[in-house]
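Have a look at the structure below before the remarks.
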Amino acid sequence: MKKLILVALLLSTISIFAQKNKFIWGVASASYQVEGAYKADGKGESNWDVYTNTYEITKKTFTKTNQTGNVSVNQYDRKQYLKDFALMKKLGVTHYRFSLSWARMLPDGVGKINQKGVAHYQQFIDDLLSFSIEPCITLYHWDLPQKLQVKGGWNNPKSVDWYVEYSNLVFKSFGKKVKYYITFNEPNIDLFLITTAVNNVLAGKNAFATTTQDFANQAPASYNLCVANALATNNYHLLKLGGQIGITLNLIPTIPKDANNPKDVAAAELQDGIHNRWFLDPALKGTFPADVLEHYKKSNVNIAAFEPTVKNLPYWKSDFIGVNFYSPAYVTYDDNFPNSINWQTNNPDTIPMFNGVVKPAYLYKLLMRLKNDYNNPSILITENGAGFGDRDEKFINGVVNDSLRTDYVKRHISAALQAKKDGARLEGYFLWSILDNFEWIFGYDRRFGIVYVDFETQKRTPKKSFYEYQKIIKTPISLIK
């Protein structure tokens with residue numbers, strides 16, 4: 001009997017060890033991009049509902065072709081999402097990263113809870129688990145309740161309290177069923193690109209006519225968001241739910257286009273600070289980068305009032321860093337761009353993708369940089385994917401032979417796993433995205449899914465990249481090249 005007990009304990013220990021050390025394979029999405037049902041079951045309006053349907057003042061449509069996320073790929077509907085879960089099961093993923101709609105659960109952003117919204121996500125999680133797929137929840141992926149947006153959004157210091165109330169509701173509602181939580185998705189993109197683009201469009205200007213002043217104006221909002229992240233992280237740990245919590249950042253290695261030009265070299269370093277270190281340092285070190293603060297001081301006198309609070313930034317280290325990587329950026333010094341930095345138009349690829357250059361070696365370099373410069377944090381690649389437009393998305397005889405995306409995925413996974421072999425604490429990989437969906441200000445014109453969606457009929461068709469990713473998942477990671 002003692003031998004049987006010892007054997008059982010040994011097997012249990014091995015099982016626990018194997019579970020903890022099992023590599024995560026996943027796919028990802030965001031609530032506004034896939035759910036639709038924008039007025040269903042008591043949901044409140046989000047800022048994106050307003051952006052894409054009407055402007056409160058100008059009454060103009062937001063996207064060029066009057067596209068909205070009102071229906072999108074209809075993943076709020078249970079019949080539809082169960083079919084999507086079956087596709088994920090066929091694919092072989094172990095985890096699904098999705099975000100919650102804050103306004104579904106708290107229509108006004110704070111206060112009265114919409115129990116139908118909470119119940120929807122409870123059912124969604126239970127259904128996902130029934131397919132043996134683990135949920136990875138992003139609390140905030142850019143869709144802020146409109147009632148909070150009109151109060152100033154993240155520029156309002158009260159936004160910290162709003163987010164803490166919401167995050168506590170999430171933790172208590174879904175508890176131990178969810179082992180991975182992400183506080184924020186890409187705050188750098190949300191605050192410095194999306195918000196400024198929206199403000200420009202609302203003002204009747206070009207969406208990307210961003211100025212240095214626009215960046216400086218968002219520094220206090222960055223502080224509020226970092227405080228909210230720290231408090232939510234600490235609150236989660238106090239609940240002792242047995243899972244992990246982190247933040248997801250869009251990280252873009254910056255390369256001086258001309259390494260022999262001192263101005264390009266300096267611009268690349270500053271862009272690294274503005275885009276990467278500005279949120280990496282608070283999440284992993286508890287500080288903001290001094291060089292960027294000095295840069296913003298030159299643009300905005302309010303930084304002088306903001307700076308003292310930076311020294312008192314609440315800090316609770318994230319359990320992991322979520323890395324969204326698509327491409328590095330070739331940087332040049334150019335006074336015609338905000339911060340005198342041009343990092344978005346220098347693409348030497350002969351077949352460029354929507355979102356940059358195809359350079360998987362820089363994913364490897366990025367992961368090794370995190371290892372060497374940030375004390376080797378636990379890492380999840382929470383987004384990685386590509387879109388190449390019509391040249392790669394042709395639907396012919398029921399087949400989408402997206403060879404460019406397939407090649408991109410294979411090469412980036414190989415680069416990521418090489419970094420893992422070389423000591424980076426990479427725990428998993430989430431491909432963006434499982435489905436073609438609503439791509440923010442670009443509407444439905446840009447496809448990133450490994451499953452083709454006919455937006456008129458909602459029919460799903462796996463692409464070539466789906467089957468390649470399926471094959472990769474089935475292969476032991478030690479054998480993936």
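The values are calculated or read from the model by the stated rules, or taken from the named source; none is laboratory data. Bear in mind that the values here come from a model prediction, so they are computed numbers and not experimental data. Methodologically, a virtual Cβ is constructed for each residue, glycine included, from the backbone with ideal geometry; neighbour enumeration extends over all protein chains shown. Keep in mind that these areas ignore ligands, DNA and RNA; they rest on the heavy atoms of the full protein, side chains included. Shrake-Rupley method; radii C 1.70, N 1.55, O 1.52, S 1.80 Å.
Answer with one residue from Val358, Ala283, Asn324: the one whose Cα lies farthest towards the positive end of the charge dipole of the stretch 271-405, charges on Cβ with Lys, Arg +1 and Asp, Glu -1.
Positive-end residue among those listed: Ala283.
Taking amide H atoms as placed 1.01 Å from N in the peptide plane, list the residues 5 or more away in sequence, or in a different chain, whose amide H sits under 5 Å from that of Trp142.
Excluding prolines and chain starts, which carry no amide H, the hits are Asn185.
Note the full-extension length gain between Asp335 and Asp349 as 0.36 nm times their separation in residues minus their Cα-Cα distance, in nm to one decimal.
So the extension gain works out to 2.6 nm.
Quote the charge dipole size of the chain about the Cα centre in Debye, to the nearest 20; the model charges only the Cβ of Lys and Arg (+1) and of Asp and Glu (-1).
Working: 56 positive and 44 negative charges, 368 e Å.
Dipole of the chain, to the nearest 20 debye: 1760 debye.
Only residues of the stretch 341-362 count here: report those whose backbone N is under 12 Å from the spot 7 Å along Cα→Cβ of Arg411, or say none.
Output list for this probe position: 349-353, 357-362.
Can you give the longest run of the chain that contains no GluC sites (Glu not before Pro) sitting in a DSSP loop with at most 11 other Cβ atoms inside 10 Å?
57-455
From the phi angles alone, apply the Karplus equation (6.51, -1.76, 1.60; θ = phi - 60°) to the stretch 214-222 and give each ³J(HN,Hα) in whole Hz, x where the residue is Gly or Pro.
Taking θ as phi minus 60°, the curve returns 4, 5, 4, 5, 8, 4, x, 5, 4 Hz for the stretch 214-222.
Treat each spin label as a single point 7 Å out from the Cα along the C-beta direction, and report the Asp390 to Arg425 distance in nm.
That separation, rounded to one decimal, is 4.8 nm.
I need to check one value: relative contact order of the chain, counting alpha carbon pairs closer than 8 Å and at least 6 residues apart, in percent. Show your work: numbers first, answer last.
Values: 890 pairs, mean separation 73.3, N = 481.
Once divided by the residue count of the chain, the mean separation gives 15 percent.
Which of the residue pairs Lys79/Lys394; Lys112/Lys177; Lys90/Lys464; Lys147/Lys240; Lys421/Lys463 have a Cα-Cα distance greater than 21 Å in the structure shown?
Lys79/Lys394; Lys112/Lys177; Lys147/Lys240; Lys421/Lys463, as the Cα separations exceed 21 Å there.
Step through the residues of the stretch 398-407 one at a time and calculate ³J(HN,Hα) from phi using the Karplus curve (6.51 cos²θ - 1.76 cosθ + 1.60, θ = phi - 60°), rounding each to whole Hz and writing x for Gly and Pro.
So the J values, rounded to whole Hz, are x, 10, 10, 8, 7, 5, 5, 5, 4, 5.
Between Arg78 and Asn372, what's the calculated FRET efficiency when r is the beta-carbon distance and R0 is 45 Å? Round to 0.05.
Details: r = 46 Å, r/R0 = 1.02.
FRET efficiency, Arg78 to Asn372: 0.45.
Would you compute, for the Cα atoms of the stretch 327-403, the largest minus smallest coordinate along each principal axis and list the three values in descending order, in whole Å?
Principal extents (largest minus smallest coordinate, Cα): 50, 39, 18 Å.
On the first, second and third principal axes, largest extent first, how far apart are the outermost C-alpha atoms of the chain in Å?
Projected onto the principal axes, the Cα atoms of the chain cover 75, 55, 54 Å.
Per-residue accessible area for Thr332 at 1.4 Å probe radius, Å² rounded to 10?
Estimated to the nearest 10 Å², Thr332 gives 20 Å².
Multiplying the sequence separation of Thr287 and Ala361 by 0.36 nm and subtracting their Cα-Cα distance, what value in nm do you get?
23.8 nm
Applying 1/(1 + (r/R0)^6) with R0 = 22 Å to the Cβ-Cβ distance of Phe455 and Asn397, what FRET efficiency is obtained, to the nearest 0.05?
Computed FRET efficiency for Phe455 and Asn397 comes out at 0.65.
Using the Karplus curve 6.51 cos²θ - 1.76 cosθ + 1.60 with θ = phi - 60°, what ³J(HN,Hα) values do you get for each residue of the stretch 392-397, in whole Hz, with x for Gly and Pro?
10, 10, 6, 8, 10, 6
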